[in-house]
Amino acid sequence: MSVTAPRRRSPISARRRDSREGLLLLVAIVAVMWLVEVINSVDSGALDADGIYPRNVGRLWGVLSAPFLHAGFTHLIDNTIPFVFMGAIIAFRGARRLALVTGIVILVGGAGTWLIAPAGTVTVGASGVVFGYATYLLTRGVFDRSALELLTGAVVGIIWGGALLSSIVPQPHISWQGHVCGAVGGVVAAWLLAGRNGKPAANAPPDQVRRPI
């Protein structure tokens, strides 16, 4: 009886496919942010009310919606540039990696902001996710023990470090709590995902053989 084995993709082809899928997901996330802001501007900023309300259990879902909301196009542009720059570096590892890092940062950073932000405020914007991306890139090399990732983190620190540090200084109408909590989320993501590079385990079973009917 003849058998056929599935065609194997070369490692380079697989990496290119993963990078392409990751970048497409990044573009989709940014597109949603811009679409939401267009709708928000037409609706006179009504969607800003869907941000994070500290310690308001009834509005806890704002943890998920807040990163996609911005207080005007200037705010959105300021967040989009570093979001795309750092998000693209993460996206090169694939859509799954980008989705996991983003999800962990949103949940950890949003929950932290919900807990410690001042009462009577509403937090919106993707800057917490930007801080999470930054600290993920800065610390993943430590957890993965990778010199290349440490070098990447150093480059990110050189380019964006000053701007990021200045953004955690308390300023009017700026949520330093969201920035700090997002940064904590990035470290948590780097720790949780350490060593998960998508490589098959050494003792993994061979690919299932397909038998023609």
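We did not get these values from a lab; they are worked out from the coordinates using the rules stated. All values reported here derive from a predicted model rather than from experimental measurement. For neighbour counting, all protein chains shown are included, and Cβ atoms are generated from backbone atoms with ideal geometry for every residue, glycine included.
Where does the chain land at 222 nm, in deg cm²/dmol rounded to the nearest 500, when only DSSP H runs of n ≥ 4 count, each adding -39500 (n - 2.57), divided by all residues? Can you show the working numbers first?
On the way: 7 runs with 132 residues, N = 213.
That calculation yields -21000 deg cm²/dmol at 222 nm.
Across the stretch 77-93, in residue order, what do the Karplus-derived ³J(HN,Hα) couplings come to in whole Hz, using 6.51 cos²θ - 1.76 cosθ + 1.60 with θ = phi - 60° and x for Gly and Pro?
4, 4, 7, 5, 4, x, 4, 5, 4, 6, x, 5, 4, 5, 5, 5, 8
Once phi is turned into θ = phi - 60°, what whole-Hz ³J(HN,Hα) does the Karplus curve with 6.51, -1.76 and 1.60 give for every residue of the stretch 149-156, x standing for Gly and Pro?
5, 5, 5, 4, x, 5, 5, 4
What order, most packed first, do the peptides 12-25, 92-105, 122-135, 160-173 have when packing is the mean number of other Cβ atoms within 10 Å of each residue?
Numbers: 12-25: 14.9, 92-105: 20.5, 122-135: 26.8, 160-173: 12.0.
Order by mean packing, descending: 122-135, 92-105, 12-25, 160-173.
May I ask which residue of Thr139, Ser167, Ala126 lies farthest towards the positive end of the charge dipole of the chain, with charges of +1 (Lys, Arg) and -1 (Asp, Glu) on Cβ and the Cα centre as origin?
Going by the charge dipole, the pick is Thr139.
Quick one: dipole size for the chain, taken about the Cα centre, charges +1 on Lys/Arg Cβ and -1 on Asp/Glu Cβ, in debye to the nearest 20. Show your work: numbers first, answer last.
Numbers: 18 positive and 10 negative charges, 279 e Å.
Rounded to the nearest 20 debye, it is 1340 debye.
Given the convex hull over the Cα atoms of the stretch 142-194, what projected area results after averaging over all orientations, in nm²? All intermediate terms of the calculation are to be shown ahead of the outcome.
Working: hull surface 15.5 nm².
Result: a mean projected hull area of 3.9 nm².
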